[in-house]
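One structure is given below, encoded as structure tokens.
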Amino acid sequence: MKFTELKKHFLANTYFPAYTICGEDIFLCYRALDMFTARFGNTVPEMNTNVFSSEKVDMQQVVDACLMPPFGDAFRLVIVKPSKVKFTNSDMQLLKTYIKKPSTTTICVFFFTGTNESAKSVSACTEPIICEHLDVSMAHAWVQGKIFAPTRVQIKPEAMQLLYAYCNADLARITSEAQKLASFVGENGVIDVNMIKTFVEQDKEYKIFELTDKIAQKDAEGAMDVFTTLMKNEKTAYAILTPLYTHFRRLLYISLLQSTQSQAWLAEKFGIKEWAVKMMFAQLKQYSPKLLKKIVDSLERTDENIKSGKMKEDIAVNLAIMNILIWRGAYAKHNHG
């Protein structure tokens, strides 16, 4: 079940004995947990809500809590936050045995954020609530309803798309930035693209896309400006080389697959956002597969030169970017412009 389906699920009044909240958007994970607490928090929460939150969760205690009847309310809510806990086979067997014959008056919620080896196992025997990043239209609806509506602020569609990309689809950041922008424009104000560019800090992933986009456009000066900004933030050129290599390698693969696969499939395959794939498709018009292979090979050699000590990383990465710009014909265009 997706996060966006949870409200409808509650309205059906038919519940599963146990749920697992997990996913890449931490903000939505906590929103989902808040929805369970609001729905089943009970009039006497201190009597009917159990929270297990530590690096060591005893599954037997969790099951025992689930089997206790609620006191003066319709449901007992049991929340399990395993943190770094790795459940054993014995733990999982206890949970599976309970799920086969659960209490009809208990809602058990396992809450995972980040990486936890047990999340997949628990999700397999409970009802998962997948909190993936919202797409841009749903993120727009969210901030419009939660942030902009009270003061009748509007955000232009192209500005919302840029805000979404700058924040790398992270709803917590989108919400925070939307609040700042709403305060700036005031009641009945309108947020445009220039405001996003002026007031919103770009996520590192977007900055890499901006760098590669400048290269694709043969904008040598713009590309080096972005590289300089990245260097100030990252403090190490190697932190730029890795995502740059990953980007061009993905471009190469997509150049070979784009005629047979959808953007949504490619986004899922490479574990990136659809807006990123859309930007890659635009960049692909500027490259041949042969040139992309040449760039990927060059970045691999740059990595080897740095690791072997043949070149200092800042010089090596700078030179690698300049070579790509030369192959794109950027300097000829720039020098004669």
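No lab work stands behind these numbers, since they all come straight from the coordinates. Every value quoted in this text rests on a predicted model; they were computed, and no experiment measured them. Reconstructed Cβ throughout: ideal geometry from the backbone, glycine too, with neighbour counts over all protein chains shown.
Couple of notes before you dig in:
- Applying the criteria of a DSSP loop state and at most 16 other Cβ atoms within 10 Å to the trypsin sites (Lys or Arg not before Pro) of segment 180-213 yields no site.
- Label point 7 Å beyond Cα of Ile26 along Cβ direction - residues of segment 151-192 with amide nitrogen under 12 Å: 171-173
- When the charge dipole of the chain is built from unit charges on Cβ atoms (+1 for Lys and Arg, -1 for Asp and Glu) and taken about the Cα centre, the candidate among Gln144, Thr175, Pro243 whose Cα reaches farthest toward its positive end is Pro243.
- Shape summary of segment 204-335, radius of gyration then Dmax from alpha carbon positions: 14.4, 42 Å.
- Karplus-derived HN-Hα couplings along segment 268-280 (A = 6.51, B = -1.76, C = 1.60, θ = phi - 60°), whole Hz, x at Gly and Pro: 5, 4, 8, x, 10, 7, 5, 4, 5, 5, 4, 5, 5
- J(HN,Hα) series, segment 299-310, from Karplus relation 6.51 cos²θ - 1.76 cosθ + 1.60, nearest Hz, glycine and proline x: 5, 5, 5, 4, 4, 5, 5, 6, 5, 7, x, 5
- Applying the criteria of a DSSP loop state and at most 13 other Cβ atoms within 10 Å to the trypsin sites (Lys or Arg not before Pro) of segment 236-337 yields Lys285, Lys310, Lys312.
- Counting 0.36 nm for each residue step from Trp265 to Glu117 and taking away their Cα separation leaves a gain of 50.7 nm.
- Amide H contacts of Ile191: Gln154, Ile155, Lys156, each under 5 Å away and 5 or more positions distant or on a separate chain (H built 1.01 Å from N in the peptide plane; Pro and chain starts excluded).
- Charge tally around Gly186: other residues with Cβ under 14 Å, Lys/Arg +1 each, Asp/Glu -1 each, net +1.
- Alpha-carbon centroids, segment 113-143 and segment 274-295: separation in whole Å: 30 Å
- 5 angstrom amide H check on Asn50, placed H, neighbours 5+ away: Leu77, Val78, Ile79
- Taking Cα centre as origin and charging only the Cβ of basic (Lys, Arg, +1) and acidic (Asp, Glu, -1) residues, the dipole magnitude of segment 255-323 rounds to 200 debye.
- For segment 1-68, the fraction of C-alpha pairs farther apart than 21 angstrom is 34 percent.
- FRET efficiency, Asn233 to Phe281 (Cβ-Cβ, R0 22 Å, nearest 0.05): 0.20
- Translational diffusion coefficient of segment 3-130 (Stokes-Einstein, Kirkwood radius from Cα pairs, 20 °C, 1.002 mPa s): 146 µm²/s.
- Rounded to the nearest 20 debye, dipole of the chain from Cβ charges on Lys, Arg, Asp, Glu: 680 debye
- Whole-Å distance, taken between Cα centres, linking segment 210-231 and segment 65-105: 53 Å
- By the beta-carbon count within 10 Å of each Cβ, the least crowded to most crowded order of Leu11, Leu67, fewest first, is Leu11, Leu67.
- Rg to Rh quotient for segment 136-199, alpha carbon positions, Kirkwood Rh: 0.90
- Within the chain, helix-based [θ] at 222 nm, where runs of 4 or more DSSP H residues each add -39,500 (n - 2.57), nearest 500: -18000 deg cm²/dmol
- Computed from label points 7 Å out along Cα-Cβ, the spacing between Phe199 and Cys125 is 5.0 nm.
- Normalised by the number of residues in the chain, the mean separation of alpha-carbon contacts (under 8 Å, six or more apart) gives a relative contact order of 15 percent.
- Using a simple spin-label model with pseudo-atoms 7 Å out from Cα toward Cβ, Lys100 and Ile326 lie 7.0 nm apart.
- Label-to-label distance for Ser90 and Gln144 is 5.5 nm, based on points extended 7 Å past Cα in the beta-carbon direction.
- Relative intensity, log₁₀ I(q)/I(0), of the chain from a Debye sum that treats every alpha carbon as a point, q = 0.07, 0.09, 0.11, 0.14 Å⁻¹: -0.42, -0.66, -0.89, -1.13
- Each residue of segment 62-74 is assigned a 3J(HN,Hα), and the resulting list reads 4, 4, 4, 5, 5, 7, 6, x, x, 10, x, 9, 6 Hz, derived from the Karplus form 6.51 cos²θ - 1.76 cosθ + 1.60 (θ = phi - 60°), x at Gly and Pro.
- GNM remark for the chain: springs join alpha carbons under 10 Å apart, and the peak mean-square fluctuation among Leu162, Leu94, Leu230 falls on Leu94.
- Annotation: amide H of Glu127 within the under-5 Å range of Ala18, Tyr19, Thr20, sequence separation 5 or more or interchain, hydrogens built in the peptide plane.
- Distribution of pairwise C-alpha distances over segment 56-114, 5 Å bins, in %: 4, 18, 28, 26, 14, 7, 2, 0
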